[in-house]
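Down below is the structure, laid out as structure tokens.
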Amino acid sequence: MIELILKSLYFFLPAYFANMAPVFVKKIPFLDRPIWTKKLGTHKTWRGVVSAVVFGGFVFWLQKVAYVAGFRSLAVIDYSDFSIVLGLLLGFGAIFGDAVKSYYKRIAEIKEGNPWPVFDQIDFVVGGLVFSWFVYVPQAEVALIVLVLSPLLHFLINYCGYLLGIRKVKY
């Protein structure tokens, strides 16, 4: 069971990195324009979309290189059978899921930056999984593991950041 969990999380690495990409590039003065301020808020920028797709594709490419070099113990798929498109789709799906959540957050009149528990943690997972289906449909167990563990990991990592003084809120 532990092996399947690790393999599932490894498969979803492009989406995890894509979800974090906007934070890593937020100081770069490139495409720093909101996509749709009224419906998505000011934090959803074109820079975030581009960086998410690039990070997703890059991480997938690294996985593919590692697979071809013989690192196969965590592979759910045969990376040599897939192009970088799968990574780009995981990355785009992650950022798209986040944008959809932001849209509904505005409809629910939740202020930008305020938490929306569970939805804030699952949005990118659903988006990444759905967009990956254009190229590859993961086994149900893999999808379920990613859907269940990703929010738990998100809460855990944010709480650690809070304890370290990096984040202002616990979640």
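The values are calculated or read from the model by the stated rules, or taken from the named source; none is laboratory data. Just so we're clear, the structure is a prediction, and the values are computed from it rather than from any experiment. With ideal geometry, Cβ positions are generated from the backbone for all residues, glycine too; neighbour counts draw on all protein chains shown.
Is there any pair with a first residue in the range 146-165 that is without any contact (Cβ under 8 Å) to a residue 60 or more places away in the chain and closer than 20 Å to VAL130 by Cα and a second that is assigned to a helix (DSSP H, G or I) and of a type in the set (S, T, N, Q) whose Cβ atoms are under 6 Å apart and which are 6 or more apart or on different chains, and what are they?
Hits for this filter: PRO151/GLN121; HIS154/GLN121.
Residues checked against (1) touching a residue at least 24 places away in the same chain (Cβ under 8 Å); (2) out of contact with any Leu (no Cβ under 9 Å at 6 or more places or on another chain):
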{"site": "ASP81", "(1), (2)": "no, yes"}
{"site": "LEU89", "(1), (2)": "yes, yes"}
{"site": "ALA99", "(1), (2)": "yes, no"}
{"site": "ILE110", "(1), (2)": "no, yes"}
{"site": "GLY113", "(1), (2)": "yes, yes"}
{"site": "TRP116", "(1), (2)": "no, yes"}
{"site": "PHE124", "(1), (2)": "yes, yes"}
{"site": "GLY128", "(1), (2)": "yes, no"}
{"site": "PHE134", "(1), (2)": "yes, no"}
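What is the residue count in the range 107-152 for residues that are part of a helix (DSSP H, G or I) and either in contact with a Pro (Cβ under 6 Å, 6 or more places away or on another chain) or farther than 24 Å from VAL23 by Cβ (or both)? Steps first, please.
Our first condition is that a residue be part of a helix (DSSP H, G or I); within the range 107-152, this holds for 107, 119-132, 140-152.
Narrowing the set further to residues that are either in contact with a Pro (Cβ under 6 Å, 6 or more places away or on another chain) or farther than 24 Å from VAL23 by Cβ (or both) leaves 107, 121-122, 140-145.
Qualifying residue count for the region: 9.
Would you say LEU40 is in contact with a helix residue (DSSP H, G or I) (Cβ under 9 Å, 6 or more places away or on another chain), loosely packed, with under 15 Cβ neighbours inside 10 Å, modelled with pLDDT under 90 and within 28 Å of ILE110 (Cα to Cα)?
Numbers: in contact with a helix residue (DSSP H, G or I) (Cβ under 9 Å, 6 or more places away or on another chain): yes; loosely packed, with under 15 Cβ neighbours inside 10 Å: no; modelled with pLDDT under 90: yes; within 28 Å of ILE110 (Cα to Cα): yes.
Criteria not met by LEU40.
Identify, from the list VAL23, VAL49, VAL54, the residue that is hydrophobic (A, V, I, L, M, F, W, C) and buried (at least 21 other Cβ atoms within 10 Å of the Cβ).
On the way: VAL23 fails: buried (at least 21 other Cβ atoms within 10 Å of the Cβ); VAL54 fails: buried (at least 21 other Cβ atoms within 10 Å of the Cβ).
Result of the check over VAL23, VAL49, VAL54: VAL49.
Identify, from the list GLY97, GLY91, the residue that is surrounded by 14 or more Cβ atoms within 10 Å (Cβ to Cβ) and either under 16 Å from PHE11 (Cβ atoms) or among the polar types (S, T, N, Q) (or both). Spell out the reasoning first.
Details: GLY97 fails: either under 16 Å from PHE11 (Cβ atoms) or among the polar types (S, T, N, Q) (or both).
Matching residue, one of GLY97, GLY91: GLY91.
Scan the range 103-137 residue by residue and report those that are at pLDDT below 95, over 21 Å from LEU153 (Cβ atoms) and in contact with a helix residue (DSSP H, G or I) (Cβ under 7 Å, 6 or more places away or on another chain).
TYR103, ARG106
(1) within 25 Å of ILE2 (Cβ to Cβ); (2) surrounded by fewer than 13 Cβ atoms within 10 Å (Cβ to Cβ): which one isn't true of PRO117, the others all being true?
Unmet condition: (1).
Being outside any helix (DSSP H, G or I), of a type in the set (A, V, I, L, M, F, W, C), more than 13 Å from the chain's Cα centre (by Cα) and under 15 Å from TYR16 (Cβ atoms): is that true of LEU62 here? If you could, list the steps in order and put the result at the bottom.
On the way: outside any helix (DSSP H, G or I): no; of a type in the set (A, V, I, L, M, F, W, C): yes; more than 13 Å from the chain's Cα centre (by Cα): yes; under 15 Å from TYR16 (Cβ atoms): yes.
When the stated conditions are applied, LEU62 does not pass them.
Identify, by number, the condition in (1) modelled with pLDDT under 95; (2) under 21 Å from VAL130 (Cβ atoms); (3) surrounded by fewer than 22 Cβ atoms within 10 Å (Cβ to Cβ) that VAL85 doesn't meet.
Among (1) modelled with pLDDT under 95; (2) under 21 Å from VAL130 (Cβ atoms); (3) surrounded by fewer than 22 Cβ atoms within 10 Å (Cβ to Cβ), VAL85 violates only (1).
Answer yes if at least one residue in the range 62-71 is closer than 20 Å to ALA99 by Cα and surrounded by 14 or more Cβ atoms within 10 Å (Cβ to Cβ), and no otherwise. Reasoning before the result, please.
Residues of the range 62-71 closer than 20 Å to ALA99 by Cα: none.
No, that holds for no residue.
For the list (1) surrounded by 12 or more Cβ atoms within 10 Å (Cβ to Cβ); (2) part of a helix (DSSP H, G or I); (3) without any contact (Cβ under 8 Å) to a residue 40 or more places away in the chain, I need the number of the one condition that SER8 fails.
Among (1) surrounded by 12 or more Cβ atoms within 10 Å (Cβ to Cβ); (2) part of a helix (DSSP H, G or I); (3) without any contact (Cβ under 8 Å) to a residue 40 or more places away in the chain, SER8 violates only (3).
Which residue out of SER150, SER132 is polar (S, T, N, Q) and under 20 Å from VAL85 (Cβ atoms)? Please lay out each step first, then the result.
Details: SER150 fails: under 20 Å from VAL85 (Cβ atoms).
Unique residue meeting the criteria: SER132.
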